[in-house]
Every structure is written in structure tokens, then in C-alpha cells.
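Colleague: Here you go, one structure.
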Amino acid sequence: MSIIDPDTRQRLDTYLADAGLGAGARHIEALTPDASDRRYFRVTLERAPPVVLAVHAGPIVFEAMPFADVSDLLARMRLPAPAVLGHSNALGIIALQDLGDVTLQAALNGAPVTALLPRYEEAVALIAELQRKGRAFASTSHVTYRLAFDVEKLRFELDFFAEHFLAGHRGVRLTPDERAALSREWSAIVEELAEEPRVVCHRDYHSRNLMLHDGRLHLIDFQDARMGPDTYDLASLLRDSYVDVTEAEVEQLLAHFRSLAGIGDAAEFRRRFDLMAVQRNIKALGTFGFQASTRGNPAFLQYMPRTLASVRANLVRYPRFDGLRRVLGAHVEELR
């Protein structure tokens, strides 16, 4: 069990007292942290459902936070996400509806293999609904519509991989020629992706950010939502670093999405999906490398093999990636 440091405990107790919940708080449990600076605590109450308190590193301005804005947008769209129950700017705490502990990843752990497809069909349908309602609620008053996966953002994520996976985690030192070749490959990928029509993207849509609550999947960790390709969230989900989805299941789920979204050209959509998956998986490797080499957090190392295998499969599938595979494969055995 995690020990709550005295400062955090005092902030939690103060928030609960100010919210009139202090006397009814029976137990405070530290939850598993994510890859951010936030910490989460479940508070069990005597006469009310439990709540989750998100504790930030210091004071916040809730009204100015992307999380608050996106949470409001999702509520307007009537999409399943945790309700915001209160907050304290001074204490840096946000109170959220408790969705429990069962992520999509956890729900599938030990379940029959036949359980995956129905749940993933639900997750794919939620992407389609987010995109459809995203068009209906479009307004620059929401931060989501003012941010995008443009060339700069997509390129930053690929460069992050070079810095934190190749150099930081694997100790790779590219030659000037290799750096130039990699730069050309990055440019070709991000320029094509940035030109695609943009829809609302969750931005980190995978099995650990979907909670199973009251029999329905709910969105969490949505504060970085922005505009991007219609394949972005699909690539995050179906080329997940945390769950194996078979090729047959990927094909079925892509067909399911195309049916919901009214997309007819299966071959072209698959090509666009695979291109997005290359960028998304490379970005994930950068994040895992950063957590290991900079944050000293080895928890994500176990997910690297699955992610590397996904990258390699797409590099092999398309001749356009022969040059990228040569550069990366020279230093990363798993991509040869």
C-alpha cells in the first residue's frame, strides 16, 4: 500500500473538511499513478458513493485548465466520462466521480478470447460518436478545436522518440547521414498526416484510458483532446501497447468503424490507418523511453516488445518505409 506523505495528507484532509465530507471519510486509498505528475486517491465515505481526488503538484486554476474545458465539452456531448464533483484551486485538488478500477485492459485480463471483440466494437463505436458529435459541437470557445496534430506537433513526437528511445534508452548515436535520412522520413510521414481532414481526437485512446463502469465504457485522461486524423484514436486503440488485437480482429473493427462513419474505400482507409499507427507507436516508444531513462520509471519497459513488433509489421508491409527501416534497423534489432 502506498504511503501518503504528510503534505498530501493534509491537503486531502483540508479539502474533505471544506467540502463537508471530513467526518464521513472512512478510508483514503492511493491509486496507481499514471505517467503524469498527478496523483489519485479514492475516498470511501460513510453515507455517499466514493469519490476520487486528483491531486496536482501545486495550486491550480481549474477554470483555465484544458481538463475542465474538455470535461465540459464531453458533458455537453453527453459522452461517458467522470463527472467533476468539485475542486480547490488553492489546494490543487479536483474531485471526480469514482468509476472504479476496471479498465478495458483489466476487463480483458483472463477473460475468454471471445470477450475482446464486443468490447472493442463498443470502443470503436465511441470513437465514431466522438467524431460525429465533435463536428456538431465545433466551437473555438473550446480548447480542443484550437489545437491540432499539425506538422509541428506530429514532428515533435517523432523527434521525442529519437531523443528518448534511441539516444536516451538505447544509447544510439546516429551519424549525420542517418540523422538527415531520419529527418526526411519524419517529414514525409508528418506532412501527409497533417494534411488529412481533422476530427476531434481523444489523443490517448487506449485500453488503460477506457474504464468499464455500470456496464459501459467511459473516457478518462482526455485533457489533451485536439483535432487530428480520423485514424488517430483508432490507431491508439487497435495498435495498443497494452493489449494484443489479432489481425483478423483489426480488420473486423476497421470495417465496423467504416460502417459507422460512412467510409467506403477499405484499402485506402487501411493504408491511412497503418501510416497513423507507425507515427503513434513510435511516439509511444518515445514516451516509454522517457519514463525509463529520464523519470527512472521502468514500468513501461514491459510494453516495448509489443509496440516494436507493431512498428516493424507496418514498416515491412509498405515499401515506402524501406529507408526508415534501414535507418532504425541498423540500431534497433527488433525493427530489422
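The values are calculated or read from the model by the stated rules, or taken from the named source; none is laboratory data. All of these numbers come straight from a predicted model, not from anything done at the bench. Note that each Cβ is placed from the backbone with ideal geometry, even for glycine, and that neighbours are counted across all protein chains shown.
Colleague: Pick out the one residue from Val143, Val172, Val102 that is in contact (Cβ under 8 Å) with a residue 40 or more places away in the chain and touching an Asp or Glu at 6+ places or on another chain (Cβ under 6 Å).
Modeller: Just a single option satisfies the conditions, and that option is Val143.
Colleague: Among the residues of the stretch 70-85, is there at least one that is under 13 Å from Leu12 (Cα atoms), among the β-branched types (Val, Ile, Thr) and at pLDDT 95 or above?
Modeller: No, because not a single residue in the stretch 70-85 is under 13 Å from Leu12 (Cα atoms), among the β-branched types (Val, Ile, Thr) and at pLDDT 95 or above.
Colleague: Residues that are among the aromatic types (Phe, Trp, Tyr) and either surrounded by 14 or more Cβ atoms within 10 Å (Cβ to Cβ) or at pLDDT 95 or above (or both): list the helices (runs of 4 or more DSSP H) wholly contained in the stretch 99-167 that include at least 3 such residues.
Modeller: The helices (runs of 4 or more DSSP H) meeting that bar are 151-161.
The rows are residues; the columns are (1) out of contact with any helix residue (DSSP H, G or I) (no Cβ under 6 Å at 6 or more places or on another chain); (2) of a type outside the set (A, V, I, L, M, F, W, C); (3) more than 23 Å from Leu108 (Cβ to Cβ).
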position: Ser183; (1), (2), (3): yes, yes, yes
position: Leu210; (1), (2), (3): no, no, no
position: Phe222; (1), (2), (3): no, no, no
position: Gly228; (1), (2), (3): yes, yes, yes
position: Ala248; (1), (2), (3): yes, no, no
position: Ala266; (1), (2), (3): yes, no, yes
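Colleague: Same structure again: Can you pull out every residue in the stretch 301-336 that is surrounded by fewer than 14 Cβ atoms within 10 Å (Cβ to Cβ) and more than 23 Å from Glu185 (Cβ to Cβ)?
Modeller: Result: Leu301, Gln302.
Colleague: Collect the residues in the stretch 259-300 that are over 17 Å from the mean Cα position of the chain (by Cα), among the hydrophobic types (A, V, I, L, M, F, W, C) and either buried (at least 20 other Cβ atoms within 10 Å of the Cβ) or in a helix (DSSP H, G or I) (or both), keeping them in residue-number order.
Modeller: Leu260, Ala261, Ala266, Ala267, Phe269, Leu275, Ala292
Colleague: Check whether at least one residue in the stretch 309-331 is assigned by TED's automatic domain parsing to the domain that holds Trp186, closer than 25 Å to Asp177 by Cα, in contact with a Leu (Cβ under 7 Å, 6 or more places away or on another chain) and assigned to a loop (DSSP other than H, G, I, E, B), and report yes or no.
Modeller: Yes.
Colleague: While we're looking at this one, here's another question. Ser187 versus (1) surrounded by 15 or more Cβ atoms within 10 Å (Cβ to Cβ); (2) more than 18 Å from the chain's Cα centre (by Cα): which is the lone unmet condition?
Modeller: Here Ser187 meets the rest and fails (1).
Colleague: Of all the residues that make up the stretch 233-258, how many are of a type in the set (D, E, K, R), surrounded by fewer than 16 Cβ atoms within 10 Å (Cβ to Cβ) and part of a loop (DSSP other than H, G, I, E, B)?
Modeller: Residues in the stretch 233-258 being of a type in the set (D, E, K, R), surrounded by fewer than 16 Cβ atoms within 10 Å (Cβ to Cβ) and part of a loop (DSSP other than H, G, I, E, B): 1 in total.
Results for (1) crowded, with 20+ Cβ neighbours inside 10 Å; (2) in the same structural domain as Arg208 (by TED's automatic domain parsing); (3) of a type outside the set (A, V, I, L, M); (4) not in a strand (DSSP E or B), shown as yes or no for each residue.
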site: Thr14; (1), (2), (3), (4): no, no, yes, yes
site: Gly20; (1), (2), (3), (4): no, no, yes, yes
site: Arg26; (1), (2), (3), (4): no, no, yes, no
site: Val43; (1), (2), (3), (4): yes, no, no, no
site: Arg47; (1), (2), (3), (4): no, no, yes, yes
site: Ala54; (1), (2), (3), (4): yes, no, no, no
site: Gly58; (1), (2), (3), (4): no, no, yes, yes
site: Gly86; (1), (2), (3), (4): no, no, yes, no
